[in-house]
Amino acid sequence: MTQPAISLRGLTRRFGDLAAVDGLTFDVVPGELFGLVGPDGAGKTTTLRMLAGVLRPTGGDALVGGVSVARDPEGVKHRIAYMSQRFGLYTDLTVRENIDFYADLYQVPDAERPARLERLYRFSNLGSFEHRLAGQLSGGMKQKLGLCCALVHHPEILLLDEPTFGVDPISRRDLWLILHEMVAQGVTVFVSTSYLDEAERCDHVALLNRGKVIALDRPAALQDGLQGEMLAVRASDGRRALALLRSLPGVRRAALFGDTIHVTLGARERDWPGVRDALERAGVGLEATHQIEPGLEDVFMERVEP
Amino acid sequence: MSLPALDPGRLGQLLRKEFRQMLRDPRAKRLLFIAPIVQLLIFGYAATTDVRNAKTFVVDHDRSSDSRRLIAALTASGYFRVTGASERPADLIAALDRGDVLMGIEIPRGFAADLGAGRQASVQLLVDGSTANTANVALGYATRIISRFGLERGAEVAARAGAAVPPAGVDFRARAWYNANLESRVYNVPAVMGTIVMLMSLMLTSLAVVREREIGTLEQLMVSPLKPLELIVGKTLPAVVVAFLDLILVTGVALLWFGIPFRGSALVLIVSSVFYILSGLGVGLLISTVSNTQQEAFMSMFFFFFPAIILSGFMFPVENMPVAIQYITLLDPIRHYLVVVRGVFLRGAGWSVLYPQILILLVMGVTVLGFATTRFRKTVA
């Protein structure tokens, strides 16, 4: 078996009494797109900063490209690119000057620059904004420019902290296309997100909650792991319906997603008639009901509150 | 750990970026190069402790030619200007209370008679002590003028009385060395230069690192192979260049506009200025590396700058401070630099006289910058 691109071994970071990241242990295979998924405050940024060598672990270790972040944080820096949640762009420099500056920092040879620049412009569509000040770009374009700056030195491993946070849907899609292209070129991409729909694009995901991994697998495997069948139910009085559903035998789980309740049953044919009758007896009107495939959100909810 | 060796290529790129950012914004350019000149022009005129045309109130009970001659002697000096007169002492008090006048003079009845008879004559001076500095200076001028008038009148009376020889007096002629006219501007403008250069040095670096921290670029620089020392040098060198240009600009204004004499060696001024600028930049960098926001850095800079001015001897002579405070002033780079600039400009002092100050500035510059660098390294981890 090949050496993992990233290997976390009990990686821990405490802030006072609080363990922001608590004993993470898992491997990331070279050339895969790995998603670290969890709500705000789960410890995603702390984990990424430790992997990038800017924050020291208080316990455990991680090998990034075979280099220990605890013992040689400087050594890690040559192997990776790290894009923080708010990627720092010099707003008073142009798009081109920003990219050039990062190319300079990583000492990209002059001979290779035109080709790399052209490639970066191709997938980011930033070429026509080359001479615009970074401060005058839209949010999505800023993120793309940040990604270009991070990628200019051809890192083996790309660490991205919520790259699509606050980005419009079209730019989000563009960013993911770029990530897939990077993976196709053999780069290992480690990305954190709080959008569970995005996590489904990853090869593997680790679900993180309160500093701990609560599930780790392929997204499809995690979804398949959910027992039973799932119905999406829209009721006239969502809250009362939810309370009622949770009290009924035959309902394994019920969780509210917006105005829809996801109801997990052991088997639809067997359990649903009884549940429906109970709701109607209680005077809860059902507006729509259809069977759905469980998503990662359902997995997450199930793991967080079993 | 690798050695903190500097990579000239990477450092050069950082320098290019810093200069590019500094010079791109026309507002920043004005702030860096025009503001110091304007400041020196304004402060150069403002920083004067000379008393001229002080408003004076006269209460003359004597109404004699002698009393009129005394008033004329006061106004002829150019230091005093009569802006009010009355026969009632209460009016004088009221004018002082209102702050309309700085000084009041009351000449009693019998003034001329006493002088003519060779007796001791008296005059009362009242000054507004709430402006202690000016009051002191005015009182000094007035006392000198009045006592000279007394001597002259005494000699006249003695001559008329037929005495062969006027009463022996001491012919006291004081002459100020180095600043012959005792113009406070000559003394103050070099000091203003010093404070402006310090302010610019602090401004240039105190926001440098924290600005990158705020916009998030610092974290990106941290994950790049750029070393902390390279970052510090990259931030400091452009600031040294700009602060030094500012020094040349304000020196030009001092010499050409204010006509401040320059008696010393340019080399002494340049060397000590570089050390001084380094100490200012070091303090700025230290502030910048420990601050989380630009606002915080700005506040800290102010908390350093203001006491540094007060303790520098710019406005209040260090020799007059309590001994304990005098020791504290030794930590103030501005204090040492003022000794150097005043010495170089006014006295033509050279290495042999100024070497203690120049050495202290060197030690301060290196220590503070070194400390800022190590502090910065710790915040990285």
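Below are the figures for this structure:
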{"read-out": "Extreme residue, modelled with the highest pLDDT, among residues of the stretch A:191-220 that are in a strand (DSSP E or B) and hydroxyl-bearing (S, T, Y)", "value": "A:S192"}
{"read-out": "Unique match (being in a strand (DSSP E or B) and in the same structural domain as A:Y82 (by TED's automatic domain parsing)) among A:A19, A:A42", "value": "A:A19"}
{"read-out": "Matching entry among A:F257, A:F300 (being loosely packed, with under 15 Cβ neighbours inside 10 Å, of a type outside the set (K, R) and under 30 Å from A:L36 (Cβ atoms))", "value": "A:F257"}
{"read-out": "Tally, over the stretch A:87-98, of residues that are buried (at least 19 other Cβ atoms within 10 Å of the Cβ) and within 24 Å of A:G166 (Cα to Cα)", "value": "8"}
{"read-out": "Output for the stretch A:99-110, where each listed residue is surrounded by fewer than 17 Cβ atoms within 10 Å (Cβ to Cβ) and at the interface with chain B (Cβ under 7 Å from one of its Cβ atoms)", "value": "A:Q107"}
{"read-out": "Failed item in (1) closer than 29 Å to B:A191 by Cα; (2) over 26 Å from the mean Cα position of the chain (by Cα); (3) exposed (fewer than 15 other Cβ atoms within 10 Å of the Cβ), with B:M22 passing the rest", "value": "(3)"}
{"read-out": "Selected residue (only one of B:A132, B:A113 is over 20 Å from B:A94 (Cβ atoms) and exposed (fewer than 13 other Cβ atoms within 10 Å of the Cβ))", "value": "B:A132"}
{"read-out": "Residue pairs meeting the criteria (Cβ under 8 Å; at least 6 apart or on separate chains; first over 12 Å from A:W272 (Cα atoms), in the stretch A:235-254; second part of a helix (DSSP H, G or I) and among the acidic types (D, E))", "value": "A:R253/A:E302"}
{"read-out": "Hits in the stretch B:219-236 (condition: in a helix (DSSP H, G or I) and within 7 Å of another protein chain (Cβ to nearest Cβ))", "value": "B:E219, B:Q220, B:M222, B:V223"}
{"read-out": "Hey, B:G343 at pLDDT below 90 and within 19 Å of B:V274 (Cβ to Cβ) or not", "value": "yes"}
{"read-out": "From A:G65, A:G53, A:G43, residue being within 14 Å of another protein chain (Cβ to nearest Cβ), surrounded by 21 or more Cβ atoms within 10 Å (Cβ to Cβ) and at pLDDT below 90", "value": "A:G53"}
{"read-out": "B:F314 surrounded by 15 or more Cβ atoms within 10 Å (Cβ to Cβ) and at pLDDT below 90", "value": "yes"}
{"read-out": "Of the criteria (1) surrounded by 19 or more Cβ atoms within 10 Å (Cβ to Cβ); (2) free of Cβ contacts under 8 Å to residues at least 60 places away in the same chain; (3) under 30 Å from A:H180 (Cβ atoms), which one A:D217 fails", "value": "(1)"}
{"read-out": "Yes/no for B:G280 being within 21 Å of B:Y355 (Cα to Cα), buried (at least 17 other Cβ atoms within 10 Å of the Cβ), of a type in the set (G, A, S) and assigned by TED's automatic domain parsing to the domain that holds B:M200", "value": "yes"}
{"read-out": "Set A:R96, A:R79: member being more than 8 Å from chain B (Cβ to nearest Cβ) and either touching a His at 6+ places or on another chain (Cβ under 7 Å) or farther than 30 Å from B:E214 by Cβ (or both)", "value": "A:R96"}
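The values are calculated or read from the model by the stated rules, or taken from the named source; none is laboratory data. Note that the coordinates shown come from a computational prediction; the quantities given were computed from them, not determined experimentally. Methodologically, a virtual Cβ is constructed for each residue, glycine included, from the backbone with ideal geometry; neighbour enumeration extends over all protein chains shown.
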